[in-house]
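Read-outs: derived from the displayed coordinates by stated rules, not from any lab. From a predicted model like this one, the values you see are computed outputs, not experimental measurements. Note that we place each Cβ from the backbone using ideal geometry, even for glycine, and neighbour counts take in every protein chain shown.
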């Protein structure tokens with residue numbers, strides 16, 4: 001955190017808190033689809049799903065986009081270009097649309113509470129000048145709030161895992177207490193993933209083929225609790 | 001301390017279409033009420049858009065889109081992620097974004113109805129999301145519902161008691177149920193409806209016009 005003393009930590013806690021309105025509760029990142037299609041796609045277990053998501057999606061794609069967005073220090077035109085890169089690198093429509101909707105929802109809260117850059121970037125979304133992917137929006141907003149790169153990455157990684165754990169509880173895949181044990185086991189993986197250097201032009205790449213196939217199949221089926 | 005971490009000022013005010021929430025338990029008749037309200041508002045010259053929150057995908061949104069009563073493009077669906085309370089109260093951002101998008105696409109819209117996913121009596125709307133909201137219960141759910149003092153029944157701007165035609169068949173004393181609901185709400189408004197026969201619909205449309213659109 002760039003801020004001295006306890007205020008930076010408190011700001012990080014506020015923005016890492018799942019109570020911060022961001023729309024994130026409505027997305028399962030393919031967990032619902034993968035768990036329901038296990039018979040067609042092979043064995044499913046929640047811990048394995050979460051590991052794959054953190055290692056092969058969050059660390060290599062979301063985190064990279066977040067870090068690059070953070071380094072752009074509120075340059076909205078370059079953020080929009082990065083945003084389009086995320087759009088192009090996210091294969092499955094369900095995950096791509098979910099990330100855009102989640103980003104737009106987070107911007108909604110920040111525009112209302114007056115976070116610098118939020119209203120202007122939201123206007124760009126409305127004009128079609130930027131897609132509004134979650135990781136890019138997070139990088140813009142958390143940098144604007146004075147959170148340093150490492151803190152922003154930690155919040156992002158924690159939220160990626162915690163939101164999966166919450167979705168798993170609501171889907172009845174694990175109990176609320178077991179979910180916390182799974183989350184705790186995921187924290188070292190997030191730490192390891194956070195340590196990999198990110199170049200300013202680092203490619204955004206993910207490799208979660210089974211989850212992507214599940215989301216694609218599920219999207220066509222039409223009956224689901226979560227947005228993706 | 002980084003100056004950017006200073007506490008924010010007041011939240012931004014909003015100018016645009018009025019937003020009215022419609023909450024209530026599963027099966028109480030929220031979607032049927034909307035299907036009756038659409039022509040009632042059309043007759044009053046009110047330009048309308050609708051957001052639905054479905055427990056599963058976009059079932060209610062599709063029903064309204066296919067009704068032929070409204071341009072399907074004016075109906076947006078928001079998935080509630082198995083949390084129908086959360087999406088209208090603790091985290092209404094997806095609904096706000098959906099309503100904002102409708103407003104941007106249809107600048108003539110004066111009123112946006114936001115239907116909650118079926119929920120229980122504890123469900124309430126955030127005033128970040130709506131300007132005014134109603135809660136729909138039905139007589140077949142039992143005449144003891146008003147006595148249970150659920151926040152939905154107590155806090156809404158208008159309580160709608162639907163399916164009044166079923167009262168004799170489910171052993172409900174309708175005048176007593178109405179009296180108990182009125183007492184529980186401290187005299188705040190109640191409307192009795194039978195959506196199947198469009199009874200009580202005009203009263204709700206007029207109430208929204210005067211309370212929300214100031215006509």
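Here are the numbers for the structure shown:
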quantity: GNM flexibility winner over chain B from B:25, B:92, B:107 (Cα, springs under 10 Å); calculated: B:107
quantity: Rough spin-label spacing in nm, given labels placed 7 Å along Cα→Cβ, for residue A:73 and residue B:63; calculated: 5.5 nm
quantity: Percent of alpha-carbon pairs separated by more than 21 Å within region B:78-169; calculated: 39 percent
quantity: Three principal axis lengths of region A:142-228 [C-alpha, angstrom, descending]; calculated: 40, 32, 25
quantity: Mean-position separation - Cα centroids, region A:87-123 and region B:19-45, in angstrom; calculated: 30 Å
quantity: Extension gain, residue A:192 back to residue A:207 (0.36 nm per residue minus Cα-Cα distance, nm); calculated: 3.6 nm
quantity: Sorted largest first, extent of the protein assembly as shown alpha carbons per principal axis (Å); calculated: 70, 48, 42
quantity: For region B:19-60, fraction of C-alpha pairs farther apart than 13 Å, in %; calculated: 59 percent
quantity: Cα centroid separation, region A:169-228 to region A:14-77 (Å); calculated: 5 Å
quantity: Compactness relative to 2.2 N^0.38 Å, alpha carbon Rg of region B:19-88; calculated: 1.09
quantity: Highest-MSF residue in chain A out of A:35, A:156, A:99 [GNM, Cα springs under 10 Å]; calculated: A:35
quantity: Chain A: proportion of alpha-carbon pairs further apart than 31 angstrom, %; calculated: 16 percent
quantity: Value of [θ]222 nm, deg cm²/dmol, for chain A, DSSP H segments ≥ 4, -39500 (n - 2.57) each, nearest 500; calculated: -20000 deg cm²/dmol
quantity: Whole-Å semi-axes of region A:1-97's equivalent ellipsoid (Cα gyration tensor); calculated: 29, 20, 12
quantity: Acute angle (nearest 10 degrees) that the helix A:76-89 long axis makes with the longest principal axis of chain A, alpha-carbon atoms; calculated: 20 degrees
quantity: Rel. contact order, % - alpha carbon contacts under 8 angstrom, at least six apart, region B:18-211; calculated: 26 percent
quantity: Rounded to 10°, Cα long-axis angle of helix B:30-43 versus longest principal axis of chain B; calculated: 80 degrees
quantity: Principal-axis tilt of helix B:174-184 within chain B, Cα atoms, nearest 10 degrees; calculated: 40 degrees
quantity: Shape category assigned to region A:130-183 from the gyration tensor of Cα positions, a/c cut at 1.5; calculated: oblate
quantity: Cα-based equivalent ellipsoid, region B:141-215: semi-axes from gyration tensor eigenvalues, Å; calculated: 21, 17, 8
quantity: Radius, Kirkwood style, for region B:18-211 when every pair of distinct Cα atoms is counted (Å); calculated: 16.5 Å
quantity: Distance between modelled label sites at residue B:90 and residue B:149, nm, 7 Å Cα→Cβ extension; calculated: 2.4 nm
quantity: Relative contact order (percent, whole number), chain A, Cα cutoff 8 Å, 6+ residue spacing; calculated: 38 percent
